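The values are calculated or read from the model by the stated rules, or taken from the named source; none is laboratory data. Because the structure is predicted, anything quoted here is derived from the model rather than measured. Backbone-built Cβ (ideal geometry, glycine too); neighbour counts: all protein chains shown.
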Amino acid sequence: MPARDLAEVYRRFAEAEGTSPLSARVTVALSGSAEALRALETARARQPAGVLAALHDLVLAGRAPALAAAYAAGDGEAAAVAAVDTLLRTPDAVAARRPVRTVETARCAVLYPAVVEAARRAGADAVGLVDVGSVGLDHHLDRLGITYSTGQVLGDPSSPVQLSASVVGNRPVPATAVPEVVARVAVDPDPVDVTDADDARWLRACVAPDQAERAARLEAELALMRADPPQLVRGDAVEVLPDAVGRVPDGALPVVTTTWALSRYPLESRLRFLHRLDEAAAGRAVAWVSVEGVGVAPAVPTLGDRRASGHSTIGVAVLGGSVLHAEAVGRCWSRGRLLSWLADS
């Protein structure tokens, strides 16, 4: 990408950055530095969010003291100068970082009732959570607390991680607790190990340096995950799904969860994902809970909604010894902060 186009990308990112003044100021500085743009021009990972996270990672690792001081003081001008200097001194360290990974917990407010519904349909009193492609508490949803606008409270009310979500429509979410979780499995081509210092630091680096409340929440989330870390299965979910499901002990229902993960795959691969689910269910019942854009999850009804409708469909399916039947049990908006439950509880 030519430097002029790259500068425009950074300027637009800065204009859209509404939560972190420090990040916006640093991004503007990078867009206005010809030397910085040249350093980024040939880099593989040159998108603004990734570069900002890489700079923050150097700060957290103690490798960028001037930038660290500017961040600590909340000094945008000093941060701008120090960020450009840090990039020019360590271009490889900034450009060759892994993708931005963020812990998104709001989706658990949607997953929780859907997992309950899947277990109810399968008659399961124990489950294993097999999460595909996300970083966060999807496989720890039983260990956080969720308060809905209807007054319902699910999960652990004493958990250090508390969520809230709004419910619209006439039907409440199921009031039943998630069955005992006996296995937690994370499937990802590049899984994040929360017990690894470098991986955990990278998650911290993906939070802007002036978002203290978000950083504190991340620490609580990391502590929760480290207390019972998931088994990590590295690889393409389409290929390794049967192995991941096999990590769930006999007697427990494997519940595969996909939250905005299938949109990364072409239709052919999504259909193969269903085939892999069917293979995994050859000798046991397996449930699939999906939260995907309208029409993204194969076999999950669209409810007549348009693909570009701006919301996602919550799907539940139980496989094993019969033809796959998936049902849309709800809709959600804002990555799980607002939902409408449709299934009979």
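Listed values, structure above:
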item: Residue identified as surrounded by fewer than 21 Cβ atoms within 10 Å (Cβ to Cβ) and small (G, A, S) among G320, G315, G330; result: G320
item: Verdict on A64 being assigned by TED's automatic domain parsing to the domain that holds R143 and not β-branched (V, I, T); result: no
item: Which listed residue, of D210, D156, D190, is surrounded by 15 or more Cβ atoms within 10 Å (Cβ to Cβ), closer than 27 Å to A244 by Cα, touching a residue at least 12 places away in the same chain (Cβ under 8 Å) and not aliphatic (A, V, I, L, M); result: D156
item: Qualifying residue in the stretch 109-132 (condition: within 26 Å of W202 (Cβ to Cβ) and assigned to a loop (DSSP other than H, G, I, E, B)); result: no
item: Residue in the stretch 247-259 that is touching an Asp or Glu at 6+ places or on another chain (Cβ under 9 Å), among the hydroxyl-bearing types (S, T, Y) and not in a strand (DSSP E or B) present; result: no
item: Members of the stretch 252-292 that are touching a Ser or Thr at 6+ places or on another chain (Cβ under 7 Å) and among the β-branched types (V, I, T); result: T258, T259, V289, V291
item: Selected residue (only one of A70, A61, A82 is surrounded by 21 or more Cβ atoms within 10 Å (Cβ to Cβ), over 21 Å from L40 (Cα atoms) and either modelled with pLDDT of 95 or more or among the acidic types (D, E) (or both)); result: A70
item: The stretch 93-104, subset part of a loop (DSSP other than H, G, I, E, B) and either in contact with a Lys or Arg (Cβ under 8 Å, 6 or more places away or on another chain) or of a type in the set (F, W, Y) (or both), residue surrounded by the most Cβ atoms within 10 Å (Cβ to Cβ); result: E104
item: Enumeration of residues in the stretch 286-314 that are closer than 21 Å to R276 by Cβ, among the small types (G, A, S) and without any contact (Cβ under 8 Å) to a residue 60 or more places away in the chain; result: S290, G293, G295, A297, A299
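Yes or no, residue by residue, for (1) outside the structural domain of C332 (by TED's automatic domain parsing); (2) more than 30 Å from A70 (Cβ to Cβ); (3) assigned to a loop (DSSP other than H, G, I, E, B):
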| site | (1), (2), (3) |
| --- | --- |
| P174 | no, yes, yes |
| A177 | no, yes, yes |
| V182 | no, yes, no |
| D198 | yes, no, no |
| P209 | yes, no, yes |
| R214 | yes, no, no |
